[in-house]
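Accompanying notes for the structure given below.
The values are calculated or read from the model by the stated rules, or taken from the named source; none is laboratory data. Since we're looking at a predicted model, the values are computed, not measured. Glycine also receives a Cβ, built like all others from the backbone with ideal geometry; neighbour counts cover every protein chain displayed. For accessibility, only protein heavy atoms count, side chains too; no ligands or nucleic acids. Shrake-Rupley method; radii C 1.70, N 1.55, O 1.52, S 1.80 Å.
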Amino acid sequence: MTTPENASVAGFNTRAVHAGQPFEPLTGAVVPPVHFSSTYAQDGIGGLRNGYEYGRGGNPTRDALQEQLAALEGGRHAFSFASGLAAEDALIRALLVPGEHIVLGNDAYGGTYRLINRVLGGWGVGHTVVDMADFDAVAAAVAAQRTRFVWVETPSNPMMKVTDIAGLAEVAHAAGALLVVDNTFASPYLQTPLALGADIVVHSTTKYIGGHSDVIGGAVVLNNDELAGKVGFVQFAVGAVSSPMDAFLTTRGLKTLGVRMDRHSANAQAVAEWLAGRGEVEAVYYPGLPDHPGHELAARQMRGFGGMVSVSFTGGEAAARKVAESTQVFTLAESLGGIESLVNYPSEMTHASVKGTELAVPENLIRLSVGIEDAEDLIADLDQALDRL
């Protein structure tokens with residue numbers, strides 16, 4: 001399973017377990033060791049052993065994770081970073097120059113918007129926010145500026161909008177732009193954007209890929225050798241790389257991604273269907289529901305509908321806050337994608353940085369990261385929380 005020909009034909013779960021994970025030859029240990037060394041002995045000046053010189057530039061544990069990520073996303077190159085935002089920052093600075101532009105979806109993660117608007121905006125990178133479902137608006141925004149990236153999350157955070165990746169790739173490429181897809185919510189198990197025409201995939205590996213709420217990380221995956229060389233240079237030159245232990249924890253989580261995502265998706269479907277029948281609920285945002293506007297598209301371009309559910313309440317902000325603060329199995333916390341269920345109030349938590357902008361999240365909305373607990377216990381927890389309204 002370490003050869004390219006095997007990697008190209010094996011199923012997802014086989015690749016997840018074996019890609020970049022050969023047994024250790026000295027002892028036969030089936031789990032490769034974690035390499036903590038910061039530097040590597042040279043066989044004479046410039047005589048590097050297997051290319052290893054210094055830990056910022058390369059580490060066997062990080063390399064193993066990068067091979068694993070590339071195999072699962074169907075890419076030739078993958079880079080593992082210290083966080084999702086570090087990955088996005090390195091990607092933008094590697095491939096954009098001041099004066100170039102990003103066309104960004106109007107339902108982007110608050111941290112991504114903050115990075116592009118407040119950090120890189122001062123460096124001279126511009127941006128325009130559009131509805132990614134409106135291809136005419138996207139094309140107009142791309143044409144109006146020196147656009148380098150069209151940047152989309154699908155499903156989006158937290159409104160669960162589903163975007164046609166193949167169609168958006170055509171729009172971007174017709175204007176000479178690159179399509180970047182944030183695949184964090186879907187994970188490579190449910191969706192492979194590169195196969196649909198995207199140029200670059202980014203992840204917060206903190207979420208479903210790590211899967212256990214115990215490690216922070218990010219990734220960039222792509223096929224183009226020239227672009228990969230530029231991203232690799234920035235990774236080395238700037239140094240926001242994942243540590244050996246973080247890379248190991250991410251690899252360990254990634255091996256069970258398929259199994260976990262099946263359970264996340266089944267539980268989220270059950271929770272969404274139950275919420276849709278409650279009178280206190282104004283709307284449920286989940287692509288697995290037949291009345292979701294992106295349901296048919298998600299069924300075509302995804303393997304399943306995922307573990308994220310957002311819900312708005314007829315009782316407004318007060319009701320959303322009350323439910324978020326009343327659950328017992330769902331933990332009120334930032335982040336998502338772990339085995340435990342979490343509830344988040346985006347307007348004041350993950351998306352506080354976009355309040356007052358066109359990306360602002362409705363104040364009557366909560367976001368659920370549905371874990372792998374028993375579905376009946378999750379529903380019972382939401383039932384008692386809604387009964388408090």
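Quick notes on this one:
- Nearest-ten-degree value, helix 244-254 long axis tilted from longest Cα axis of the chain: 50 degrees
- Region 268-361 - charge dipole about Cα centre, Lys and Arg +1 at Cβ, Asp and Glu -1, debye rounded to 20: 140 debye
- Taking all protein chains as they are arranged and a probe of 1.4 Å, the heavy atoms of Val31 leave approximately 70 Å² accessible to solvent.
- Using heavy atoms of the protein chains and a probe of 1.4 Å, the accessible area assigned to Asp246 is about 50 Å².
- Compared with the dominant Cα axis of the chain, that is its longest principal axis, helix 60-73 is turned about 50°.
- Helix 375-386 vs. the chain, principal-axis angle (Cα, 0 to 90°, nearest 10): 50 degrees
- Over the chain: helical MRE at 222 nm, DSSP H runs n ≥ 4 each giving -39500 (n - 2.57), nearest 500: -10500 deg cm²/dmol
- The Stokes-Einstein estimate for the chain, based on a Kirkwood radius over Cα pairs and taken at 10 °C with 1.306 mPa s viscosity, is a diffusion coefficient of 74 µm²/s.
- On a per residue basis, the chain carries 40 Å² of accessible surface, using protein heavy atoms and a 1.4 Å probe.
- Considering only Val284, Phe81, Leu332, the residue lying farthest towards the positive end of the dipole of the chain is Phe81, judged by Cα position with unit charges set on Cβ.
- Region 235-389, accessible surface, carbon-and-sulfur percent (1.4 angstrom probe): 51 percent
- Burial order of peptide ranges 367-375, 73-81 (average beta-carbon count within 10 Å, highest first): 73-81, 367-375
- Taking the Cα centre of region 204-324 as origin and assigning +1 to Lys and Arg Cβ atoms and -1 to Asp and Glu Cβ atoms, the resulting dipole is close to 300 debye.
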